[in-house]
1. Quick check on my filter: what residues within the range 153-173 are assigned to a helix (DSSP H, G or I) and either among the charged types (D, E, K, R) or over 12 Å from the mean Cα position of the chain (by Cα) (or both)?
2. Please tell me if Lys135 is at pLDDT 95 or above and in contact with a Pro (Cβ under 6 Å, 6 or more places away or on another chain).
3. Only one residue in Asn61, Asn95, Asn51, Asn39 is open to solvent by 50 Å² or more (accessible area, probe 1.4 Å) and either of a type in the set (Phe, Trp, Tyr) or touching a His at 6+ places or on another chain (Cβ under 7 Å) (or both). Which one?
4. For Asp277, indicate whether it is at pLDDT below 90, open to solvent by 80 Å² or more (accessible area, probe 1.4 Å) and on the phi < 0 side of the Ramachandran plot.
5. Pick from Asp141, Asp137: which is in contact (Cβ under 8 Å) with a residue 40 or more places away in the chain and either part of a loop (DSSP other than H, G, I, E, B) or touching a Leu at 6+ places or on another chain (Cβ under 9 Å) (or both)?
6. Using the structure shown, decide if Tyr45 is under 18 Å from the mean Cα position of the chain (by Cα), open to solvent by 50 Å² or more (accessible area, probe 1.4 Å) and on the phi < 0 side of the Ramachandran plot.
7. Considering only strands (runs of 3 or more DSSP E) fully contained in the range 36-122, which possess at least 1 residues that are closer than 26 Å to Tyr163 by Cβ and in contact with a Pro (Cβ under 6 Å, 6 or more places away or on another chain)?
8. Considering only the range 229-277, give the strands (runs of 3 or more DSSP E) lying wholly within it that have at least 3 residues that are farther than 25 Å from Gly42 by Cβ and over 28 Å from the mean Cα position of the chain (by Cα).
Amino acid sequence: MKFGFVTCVQLGLSCIEQIYRIGGRLDVLITLHDHKVPNKSGRIYLDSFANQHQIPLVKINHVNDQEVLNAIAEYDLDWLFIIGWSQIASAAIINAPKQGCVGIHPTLLPLGRGRAAIPWAILKNLDVTGITMFKLDEGVDTGPILGQYRIPLTPTENATSLYTKMNEAHEILISQIYPLLAEGTQQLNVQDETKATYWEGRSPADGELFTDMNVEEVDRLVRATTQPYPGAFIQLDKLKRIIWEGLITDEPANGTTILAFANGQYKLLQYEDIVLD
């Protein structure tokens, strides 16, 4: 079997590195041009890995560019991994490799199709989340499932810790599924549409805190939007205060380190102030 890999973020690079750690190989790597979305969360560059392992590297503006179709044909790909990539692949791309395209979605599909899976898992106060490897079809996260890995969540889980767990889960799942794909022994399981849910995308503005929120909501929003995301924030006079870490507290108010909300107080452990014009 011949494999290609499309990614531009750390989760994808972790999968690539794991494929090589278990003795696998890739026939071509595809990523964004260097100038594209340099501030994207988890943005990485594949040049060093490609040079080290002598893998052809193709740089594109969009996953549906003709260059991607050309690469699939030139390297006679059986499977194309598209992991850690926000652009939606067209039917032409999905159907170009002889066996198909493979993605990983950071939820236990069919739960949580859509966007912002890490923040939503925390905001929804889930006890467990996970990742799903699946064969891409023309829907959004609707293709048949190749495998899943479950991730328990702690009561104090934040985006930073969950991103780390997701990264480790990607490595584990790719280790399990890549050999099956290489041998042609993989199994595909159709998703149960009766259990499907969809999570909307989020923007930095969705991290705003208001004093009429309850303190539990505040804590979840801070944990859900901390690094590598833009952070929760509150407007204070001419300041925008970005809160990276905090905790619910019964301590008496102490200057600017404790904020009052509808049903309690929140102590700021790590924050930064931006002066507004």
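The values are calculated or read from the model by the stated rules, or taken from the named source; none is laboratory data. Just so it is clear, the model here is predicted, and its values are computed rather than measured. Please note: Cβ atoms are built from the backbone with ideal geometry, for glycine as well, and neighbour counts cover all protein chains shown. The protein model used for the area step is the full one, side chains on, heavy atoms only, and it has no ligands, DNA or RNA in it. Shrake-Rupley method; radii C 1.70, N 1.55, O 1.52, S 1.80 Å.
1. If we filter the range 153-173 for residues that are assigned to a helix (DSSP H, G or I), which is where we start, we get 159-173.
Matches in the range 153-173: Ser161, Lys165, Glu168, Glu171, Ile172, Leu173.
2. Working: at pLDDT 95 or above: yes; in contact with a Pro (Cβ under 6 Å, 6 or more places away or on another chain): yes.
Yes; evaluated as a whole, the condition is true for this residue.
3. On the way: Asn95 fails: either of a type in the set (Phe, Trp, Tyr) or touching a His at 6+ places or on another chain (Cβ under 7 Å) (or both); Asn51 fails: either of a type in the set (Phe, Trp, Tyr) or touching a His at 6+ places or on another chain (Cβ under 7 Å) (or both); Asn39 fails: either of a type in the set (Phe, Trp, Tyr) or touching a His at 6+ places or on another chain (Cβ under 7 Å) (or both).
Exactly one of Asn61, Asn95, Asn51, Asn39 is open to solvent by 50 Å² or more (accessible area, probe 1.4 Å) and either of a type in the set (Phe, Trp, Tyr) or touching a His at 6+ places or on another chain (Cβ under 7 Å) (or both), namely Asn61.
4. Working: at pLDDT below 90: yes; open to solvent by 80 Å² or more (accessible area, probe 1.4 Å): yes; on the phi < 0 side of the Ramachandran plot: yes.
Yes, satisfied.
5. On the way: Asp141 fails: in contact (Cβ under 8 Å) with a residue 40 or more places away in the chain.
Just one listed residue meets the conditions, Asp137.
6. Values: under 18 Å from the mean Cα position of the chain (by Cα): yes; open to solvent by 50 Å² or more (accessible area, probe 1.4 Å): yes; on the phi < 0 side of the Ramachandran plot: yes.
Yes, satisfied.
7. Numbers: elements: 57-60, 79-82, 100-105.
The qualifying strands (runs of 3 or more DSSP E) are 79-82.
8. Details: elements: 232-236, 239-249, 258-261, 264-275.
Once the strands (runs of 3 or more DSSP E) in the range 229-277 are filtered for at least 3 residues that are farther than 25 Å from Gly42 by Cβ and over 28 Å from the mean Cα position of the chain (by Cα), what remains is 258-261, 264-275.
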